[in-house]
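Here is the structure we will look at, set down as structure tokens.
The values are calculated or read from the model by the stated rules, or taken from the named source; none is laboratory data. Here the structure is a predicted model, which means the values were calculated and not measured. Cβ: placed from backbone, ideal geometry, glycine included. Neighbour counts: every protein chain shown.
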Amino acid sequence: MIKLLGAVLVLFAGTMIGFQQAAKFAERPRQLRQLAHALQRLETEIGYGHTPLPEALERTASATPEPLATIFRKAASGIWETESFTFRDSWESAIQSQWDATSMRKNEQAILMRLGSTLGISDKEDQMKHIHLALLQLKAEEDAARDDQGRYEKMWKSLGILIAVLVVILMV
């Protein structure tokens, strides 16, 4: 009876580990899409709303789901609270502090870091061009993330179950 209970728990744990890993592959394209929508909103705020950058970041954060909203919110608060921070410092600090909470990778982080080095130091048209370039780069990353999702999501689900079955067989 105890062996049966242990086998069921091992099967459940292995299956959940596989499904958790698969969920990471499913989460990345969704967060990239949300990030692209947030940058489009920021582009609109800057280009058409003529909104100052800290306020545009706060408005973007209010329309963006977590954990991405926190990045925009922290970047805005870094500008409002410490005037010694440049926008670039505030942006990089916000990204680095929140990046582990996202499912995104270093490529996407590099795109956002490059964007942060150009925002706030040029005119409106130039900022809109840089945001548009970042959107194109994020679109390519989203396509790659969807490919990874299709390739690895099912594999991780199956692998979790199969490894759990192997452990159960070795236990018996």
Of those in the range 91-110 that are within 17 Å of residue 54 (Cβ to Cβ) and of a type in the set (Gly, Ala, Ser), the residue surrounded by the fewest Cβ atoms within 10 Å (Cβ to Cβ) is 93
Checking 15, 51 in turn, the sole residue that is assigned to a helix (DSSP H, G or I), of a type in the set (Ser, Thr, Tyr) and surrounded by 16 or more Cβ atoms within 10 Å (Cβ to Cβ) turns out to be 15
Listed by first then second residue, the pairs whose first member lies in the range 1-12 and is more than 10 Å from residue 168 (Cβ to Cβ), whose partner is modelled with pLDDT of 85 or more and aliphatic (A, V, I, L, M), with beta carbons under 8 Å and at least 6 positions apart or on separate chains, are 12/164
Of the candidates 159, 170, 166, the one satisfying the condition of being part of a helix (DSSP H, G or I), at pLDDT below 90 and within 17 Å of residue 13 (Cα to Cα) is 170
Output for Cβ contacts, cut-off 7 Å, separation at least six or different chains, first residue of a type in the set (Lys, Arg) in the range 24-43, second crowded, with 19+ Cβ neighbours inside 10 Å and not in a helix (DSSP H, G or I), reads 28/104
Per the filter on the range 111-170, residues surrounded by 14 or more Cβ atoms within 10 Å (Cβ to Cβ) and of a type in the set (Gly, Ala, Ser) are 116, 117, 120, 134, 144, 145, 160, 164
